[in-house]
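The values are calculated or read from the model by the stated rules, or taken from the named source; none is laboratory data. Not measured: the values here are computed from a predicted model. FYI the Cβ positions are ideal-geometry reconstructions off the backbone, even for glycines, and counts take in every protein chain you see. Surface accessibility is based on the protein's heavy atoms, side chains included, excluding ligands, DNA and RNA. Shrake-Rupley method; radii C 1.70, N 1.55, O 1.52, S 1.80 Å.
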Amino acid sequence: MSADISALDGATGQTRTPHHPRFAVGVLAFCGVVVAVMQTIVVPLLPHIPALTGATPTAASWLVTVTLLTGAVFTPVLGRVGDMYGKRRVLVASLAVLVMGSVLCAVSSHIGVLITGRALQGAALAVVPLGISILRDELPPERVLSAVALMSSTLGIGAAVGLPVAALVVENFDWHTMFWVSGAIGLIDIVLVLCCVPESPLRTRGRFDGVGALGLSAALVCLLLAVTQGADWGWTSTRTVGLLVAAVVVALLWGAYELRVPTPMVDLRVSARPAVLLTNVAALLIGFAFYANSLVTAQMVQEPKATGYGLGASLVVSGLCLLPGGVAMVALSPVSARISATYGPKVSLALAAGIIAVGYAVRYFTSHSLWLIIAGATVVASGTAIAYSALPALVMRGVPVSETGAANGLNTLMRSIGQAFCSATVAAVLANITFQAGGRTAPTLHAYQVVFVIAAGAALLALAVTLFLPGSRTPGTGTVGEDRKDRRGGARTIRIEEGA
């Protein structure tokens, strides 16, 4: 059975004005970079927050933790809302929330207000899977892979750009400036999306699963709070263990409920397919492997020379060490799309995992030279670019077109969970393998090398998982039976094969 869906505006019912797809790709990619930058701009500021706001270091750490929590909760939820009520509409709303969060951070130095603003900024992480979904709906099949590759890579590109930019602002301007700038760019994003990005005509029918959304959110909050705060609370403390147990119990109850409702928040039957399940496991492992590179590079080169391996670099120089990796990610996203189009995204992901492992091998043996550190970090970023480009392509092959937003939101969530576990692991290693250097306690070189080994191990596990992925088909087959344009009327008709 099939259904024809005409390209009508969801609000007015009128035929949509055609948009140039090249503009849409560029605008959505820019939105992704901006959102990713928002996740990292506060990192160089963290050591200064207690002095600037009077807050404790523990409270200051919530400026990072809260964005992880809200991003994890809202990414799959808003992906599902976009599938049901309009992807562009939800994307614009997400950007508006980012602007609100930026303004809150810009006008206040109170830690409570700053944490609230950062929570709102974190919710905008849903922009990336929503953008991927729009591109899948709007572009001809031959352009989908390259556009999705670029959109997915924006998460890594933004992270690489955000650190040096934030460091420059912190060292040369009032720290509130970066939030004013981020708010202004967010407004520009909204205008560009409204002008250049069409609303997708595809909708998932049914009622929004509010109970499922609350259950997923509760499980994620319990899990991520335990992971991110376990080092401070103690891994065997009542709070940490209690939250982990609560996460498991809530997840089991949520799963049982999701299997019974007609339109679940997450279609667990689809998510359990090997093509989807293994891709999400690989995403978690790649997220872990990638994030270690971002966490330790800047800290390592800033370590004082008295440690015997540190370079005593400034905040700006340490941030710039990640910039070549961001450039590599931009350059390699079309290369990844070409590999996926020729050999399949499974090959791309396997190649990427191998490159990441090689990058950490380089880092293990070259930790005394700034240029070799940059080279190793760039190799890791290059592998990440290829991986982040291949993951959405693999997801889209395993789910119906009507569930693209929710499925990509879940895949992005798995990357975030991997990053959370990486952050906790890196913090534990660097805090426990230390020595006295220059009158202060510092991680040993061996501590950083242990991190590289663990991250390389995660990449190799991702490679092993990827090898078990089933073969995949051409983008859209099995979900989109026909994709054509009516040149006379400018309307677009998409035939969806139901039951895909």
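What length, rounded to one decimal in nm, is gained on full extension from Trp371 through to Arg143, with 0.36 nm per residue of separation minus their alpha-carbon distance?
Working: separation 228, 0.36 × 228 = 82.08 nm, distance 3.64 nm.
Between Trp371 and Arg143, full extension yields 78.4 nm more.
Taking only protein heavy atoms and a 1.4 Å probe, the accessible area of the chain is 68% carbon and sulfur. When the chymotrypsin sites (Phe, Trp or Tyr not before Pro) in the stretch 116-204 are filtered for DSSP coil states and for at most 16 other beta-carbon atoms within 10 Å of their beta-carbon, the remaining sites are Phe173. Site pair Phe173 and Gln299 shows an inter-label distance of 2.8 nm when each label is modelled 7 Å from Cα along Cα→Cβ.
Highest average first, the peptides 410-418, 111-119 ordered by how many other beta carbon atoms sit within 10 Å of their residues are 410-418, 111-119.
Label sites at Val211 and Ala184, each approximated as a point 7 angstrom past Cα along Cα to Cβ, lie 4.9 nm apart. Measuring between their Cα centroids, the stretch 142-172 and the stretch 29-86 lie 15 Å from each other.
For an R0 of 45 angstrom, estimate the FRET efficiency from the Cβ-Cβ distance between His446 and Val249 and round to the nearest 0.05.
Values: r = 39 Å, r/R0 = 0.86.
Rounded to the nearest 0.05, the efficiency is 0.70.
In square nanometres, what is the average projected area of the Cα convex hull of the stretch 392-452? Average of the hull's projected areas for the stretch 392-452 equals 5.4 nm². The Cα-based radius of gyration of the stretch 236-342, divided by its Kirkwood radius, gives an Rg/Rh of 1.15.
Per residue, how much accessible surface does the chain expose to a 1.4 Å probe? Answer in Å², no decimals. Heavy-atom SASA per residue in the chain reads 39 Å².
For the chain, what does the helix formula give at 222 nm: sum of -39500 (n - 2.57) over DSSP H segments with n ≥ 4, over the residue count, nearest 500 deg cm²/dmol?
On the way: 18 runs with 359 residues, N = 500.
Estimated from H runs of four or more residues: -24500 deg cm²/dmol.
Compute the Kirkwood hydrodynamic radius of the stretch 111-192, taking the inverse of the mean of 1/r over all pairs of distinct Cα atoms, and give it in Å to one decimal. Intermediate values should be presented prior to the final figure.
On the way: mean 1/r = 0.0673 Å⁻¹.
One over the average 1/r among Cα pairs gives 14.9 Å for the stretch 111-192.
The stretch 330-351 and the stretch 196-252 have Cα centres separated by 31 Å.
Taking every alpha-carbon pair in the chain and binning the separations at 10 Å intervals from zero gives 4, 20, 31, 27, 13, 4, 1, 0 percent.
Between Arg338 and Thr236, full extension at 0.36 nm per residue minus the direct alpha carbon distance yields a gain of 31.9 nm. Protection proxy ranking, highest mean first, for peptides 213-220, 428-435: 213-220, 428-435, where packing is the per-residue count of other beta-carbon atoms within 10 Å, averaged.
Give me the dipole magnitude in Debye, nearest 20, for the chain about the Cα centre, with unit charges on the beta carbon: positive for Lys and Arg, negative for Asp and Glu.
On the way: 30 positive and 21 negative charges, 127 e Å.
In debye, rounded to 20, the chain gives about 620.
How many angstrom lie between the Cα centre of the stretch 280-315 and the Cα centre of the stretch 352-371? The distance from the Cα centre of the stretch 280-315 to that of the stretch 352-371 comes to 11 Å.
For the stretch 256-318, run through the trypsin sites (Lys or Arg not before Pro) and keep only the ones in DSSP coil with at most 16 other Cβ atoms within 10 Å of their Cβ. Kindly include the intermediate steps, with their values, before the conclusion.
Numbers: sites: Arg260, Arg269, Lys305; in loops: Arg260.
Sites meeting the loop and neighbour criteria: Arg260.
Each principal axis of the Cα cloud of the stretch 315-457 was evaluated for its coordinate range; sorted largest first, these ranges are 59, 27, 27 Å. If the viscosity is 0.890 mPa s and the temperature 25 °C, what translational diffusion coefficient in µm²/s does Stokes-Einstein give for the stretch 86-229 when Rh comes from Kirkwood over Cα pairs? Result for D is 142 µm²/s.
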